1. Of all residues in segment 38-95, count the ones that are surrounded by 16 or more Cβ atoms within 10 Å (Cβ to Cβ) and acidic (Asp, Glu).
2. Considering 104, 112, which residue is in a helix (DSSP H, G or I), of a type in the set (Gly, Ala, Ser) and without any contact (Cβ under 8 Å) to a residue 40 or more places away in the chain?
3. Taking the stated definitions as given, is residue 97 without any contact (Cβ under 8 Å) to a residue 40 or more places away in the chain, among the β-branched types (Val, Ile, Thr) and closer than 20 Å to residue 189 by Cβ?
4. Select from segment 176-201 the residues that are outside any helix (DSSP H, G or I) and in contact with a helix residue (DSSP H, G or I) (Cβ under 7 Å, 6 or more places away or on another chain) and write down the one among them that is modelled with the lowest pLDDT.
5. Would you mention how many residues in segment 76-134 are of a type in the set (D, E, K, R), within 28 Å of residue 59 (Cβ to Cβ) and more than 14 Å from the chain's Cα centre (by Cα)?
6. Of everything in segment 144-170, what is under 16 Å from residue 81 (Cβ atoms) and buried (at least 24 other Cβ atoms within 10 Å of the Cβ)? Give them in sequence order.
7. Residue 213 - would you say it is in a helix (DSSP H, G or I), more than 24 Å from residue 67 (Cβ to Cβ) and without any contact (Cβ under 8 Å) to a residue 24 or more places away in the chain?
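The values are calculated or read from the model by the stated rules, or taken from the named source; none is laboratory data. Just so it is clear, the structure is predicted and the values come from calculations on it, not from any experiment. All Cβ positions, glycine included, derive from the backbone under ideal geometry; neighbour counts span all protein chains shown.
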Amino acid sequence: MERNTALPQREARREQPHSTYPLIVRSRPVNLNDTNVLLAMAATIAFAVTGVLAVAERRVDFFSAIMLGVIAAVGGGTVRDLILDVPIFWSLDLAYIRFAVLASILTFVAMSFFARPVMFSLMVYIDGLGAAMFGIGGAYKAYELGFAWPIGPLMMGVITAIGGGLIRDVLAGRKTLLMSDEVYAMPVVIGCLVMLLTLQFSPEHGPEGLLAGTVIAFSLRAVVIFWSLRLPRWFTTQSP
């Protein structure tokens, strides 16, 4: 009888002090770590920029803006790793913090440039791409650790995607995404679900499933942004 080695492999990964979002699929010797790190860095920068822009109207000081930008960039992944009980990703590679700080500083200095309608609209789409990449990466990390399939990876994907923004909004005294009718988390959930189903039932197509999940999550978010879609009233809580 063939022995199932999936869980021991996942436990071994839990103890390895590296690999922020490993994209190595078990049944195919394809190493996508370098590409994934670049994507994670791009998402970190995007979240830092949009994190500072989100509090521009609050007239916060320089250090507060930088702090909120960094929190938006790494907050979701930090909460995820604490729940998964693994080393926090940026503690293993401080490049994430460095890029987040640098992006936040540049955004603060060039606030008038980024606040232009065209640039702000572009950054909203970049934020959607960052949420898709972070969400897929977070769900994959939870999947590889064998964390409560399938709800666990879905939750970790959503937390990674929106956790930093939620913490930033609470600290800045802004209305959080969870308290609005904006369609933000659902595209991430759908994208993560596509990836997880591919990994579970067709692991040899893992890289394709990961790419498909990212594209689907971002595409749905882009449609929501372009058409300014909101949740219908019957799908939200309402006062009697």
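1. Qualifying residue count for the region: 1.
2. Just a single option satisfies the conditions, and that option is 112.
3. Here the answer is no, as residue 97 does not meet what is asked.
4. 176
5. 2
6. Scanning segment 144-170 gives 153, 156, 157, 159, 160, 161, 164.
7. no
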